[in-house]
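Report on one structure; see the data block that follows.
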Amino acid sequence: MIKSNPDQFKALKNNPNDGPVVMLNLLKFKPDGGFETYLRYMQESNKYVEEVGGKMIFLGKPNELLYGDETWDLMMLVQYPSRAKFLEMANNPDYIKVHELREKAAEKAVLYATDQIRFRDLVSQNFQK
């Protein structure tokens, strides 16, 4: 089951950063047909991603798990021009219908909105602000 975090969706909407956002997706598919269903979701959802200016910037298969105990079948980074554009897509009624395929396909999923930071900001701890 995929758990949504309504408070985090509110935080995403209210985040003052109006620059690009990269969505980190980690996915574990249901054993019987989950992968195939997710491929269909990707094919059908791509037009909604592109309509708001989004693009996939990385697609990978997690292999050797060196730390931790969570295993994943697929990892994706999708960049959107802004959080507002991501939410525009996520609230599109036609996309919502397609999103049902994602729900059917995934046994577990993590979706993180991430902002790029500079190393010097990390070192000075500005990234926590």
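Would it be correct to say that Ala113 is under 19 Å from Asn5 (Cα atoms) and assigned to a helix (DSSP H, G or I)? Criteria not met by Ala113. Tell me yes or no: at least one residue of region 89-103 is within 13 Å of the chain's Cα centre (by Cα), modelled with pLDDT under 95 and assigned to a loop (DSSP other than H, G, I, E, B). There is no residue in region 89-103 that is within 13 Å of the chain's Cα centre (by Cα), modelled with pLDDT under 95 and assigned to a loop (DSSP other than H, G, I, E, B). Given the criteria β-branched (Val, Ile, Thr), assigned to a helix (DSSP H, G or I) and over 13 Å from the mean Cα position of the chain (by Cα), does Thr71 qualify? Against the criterion (β-branched (Val, Ile, Thr), assigned to a helix (DSSP H, G or I) and over 13 Å from the mean Cα position of the chain (by Cα)), Thr71 does not qualify. Of all residues in region 27-63, those satisfying the criterion of being of a type in the set (A, V, I, L, M, F, W, C) and part of a helix (DSSP H, G or I) are Phe35, Leu39, Met42, Val49.
Each residue in region 91-108 was checked for being surrounded by 15 or more Cβ atoms within 10 Å (Cβ to Cβ) and without any contact (Cβ under 8 Å) to a residue 60 or more places away in the chain, and 4 pass.
Considered as a group, the residues in region 2-32 that are more than 20 Å from Gly54 (Cα to Cα) and either touching an Asp or Glu at 6+ places or on another chain (Cβ under 7 Å) or among the hydroxyl-bearing types (Ser, Thr, Tyr) (or both) include one that is surrounded by the most Cβ atoms within 10 Å (Cβ to Cβ), and that residue is Phe29.
Condition first: over 13 Å from the mean Cα position of the chain (by Cα) and basic (Lys, Arg). Now tell me which residues in region 29-57 satisfy that. Result: Lys30, Arg40, Lys47.
The values are calculated or read from the model by the stated rules, or taken from the named source; none is laboratory data. What you are looking at is a predicted structure, and each value in this text was computed from that prediction instead of being measured. Note that each Cβ is placed from the backbone with ideal geometry, even for glycine, and that neighbours are counted across all protein chains shown.
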